[in-house]
1. Can you give me the P(r) profile for region 107-243? Cα pairs, bins 10 angstrom wide beginning at 0, each as a whole percent.
2. Under a Cβ-Cβ cut-off of 15 Å, what is the net charge of the residues other than Met247 that fall near it, where Lys and Arg count +1 and Asp and Glu count -1?
3. Give me the compactness ratio for the chain, meaning the Cα radius of gyration over 2.2 N^0.38 Å.
4. Out of the trypsin sites (Lys or Arg not before Pro) in region 161-224, which ones are loop residues according to DSSP with at most 15 other C-beta atoms within 10 Å?
5. Write out the trypsin sites (Lys or Arg not before Pro) in region 1-71 meeting two conditions: DSSP loop, and at most 16 other Cβ atoms within 10 Å of their Cβ.
6. Could you report the chain's accessible area per residue, 1.4 Å probe, as an integer in Å²?
7. Tell me which residues come under 5 Å, amide H to amide H, from Leu217 once H is placed; ignore anything under 5 positions away on its chain.
8. If you scale each eigenvalue of the Cα gyration tensor by 5 and take the root, what three semi-axes come out for region 44-195, rounded to whole angstrom and sorted largest first?
Amino acid sequence: MRHGTLKSGVIGWPIDHSLSPRLYGFWMREHGINGVYHAIAVETNALPALLKTLADEGYVGLNVTVPHKEAVMAHLDEITDQARWIGAVNTIVIDEKAHLRGSNTDGFGFIENLKGGHPGFSAASGPAVVLGAGGAARAIVAALIDGGAPSITLANRTRARADQIADDLGGPVRVVDWAARNAALKDVALLVNTTTLGMAGKAALDISLDALPTEALVNDIVYVPLETPLLGAAKARGNAVVDGLGMLLHQGRPGFATFFGVDPKVTDDLRRYVLSGTG
Ligand code: ATR
């Protein structure tokens, strides 16, 4: 562990809407960490120089958000096998020798959120359907494969992106057309929305839950609003639901633990504090 004020931050473009400064700020105050956490706006072409500067300045670590999770990989000294497999890095740990090590904690955040919101959750307990095929879907499908999901059905409006994830990740992933999403819900134990549909200001996800067993767990990675139309509809027919905020909060834990030496907790106070930054 280094001494003095520990420097850290999040890099992205734009960065104004990132909730990571609130998340890390809350935990730093809670644990009395002598540190700073900066929101750093950087364009892709300036990434290599910025990373070098921050490493030379003694930064202990960085979180990485859109659009840099893939681009940053070319400028690191080391990448965990899991991040390489997923094809994206969201956390960079910087050691005393300015060595940059990239990892991906989004899948961890996803699984921990489901365990926190639905005690006893296990990916291995049944088939999953994942809607969407962006960066978040990639980390989530990887986490479900790692967790032993017996089958993962992936549906995306642009089918080619789902096919690409299935090709890249392997595992028990089956791609179906977007039009087949309703029928795919039969006998499923977990339904996850990773599309942006249902987010405040966007259209609701257009889906019929009629075929979904009422024992299935439903999760949305959208967290503004916390109860999306999908989660509202699922709840109304008796399904257990977990909202998306916890994925953001839990994905920050491994980075915080490595940067500052404390594994922080996700609590209701933290949820309220971070949410108050979404208005
Ligand atoms: P990321 O930033 O995580 O990489 P993204 O590209 O913003 O993700 O992906 C958003 C997801 O929402 C995609 O799966 C996108 O589908 P496409 O791949 O077809 O673009 C999905 N999405 C966005 N708007 C949608 C809509 N109106 N209907 C269906 N899916 C939609």
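The values are calculated or read from the model by the stated rules, or taken from the named source; none is laboratory data. Quantities reported herein were computed from a predicted structural model and do not represent experimental measurements. We place every Cβ from the backbone using ideal geometry, glycine too, and count neighbours over all the protein chains shown. Note: areas computed on protein heavy atoms with side chains; ligands, DNA, RNA excluded. Shrake-Rupley method; radii C 1.70, N 1.55, O 1.52, S 1.80 Å.
1. Percent of pairs per bin, in order: 13, 49, 35, 3.
2. Within the 15 Å Cβ shell, the charges total +1.
3. Values: Rg = 18.8 Å, N = 279, 2.2 N^0.38 = 18.7 Å.
Here the Cα radius of gyration is 1.00 times the empirical estimate.
4. Answer by residue number: Lys186, Lys202.
5. Filter output for region 1-71: Arg2.
6. Working: 12250 Å² over 279 residues.
So the chain comes to 44 Å² accessible per residue, rounded to a whole number.
7. Those lying under 5 Å, H to H, from Leu217 are Leu190, Leu191.
8. Taking √(5λ) for each Cα gyration eigenvalue gives 32, 17, 11 Å.
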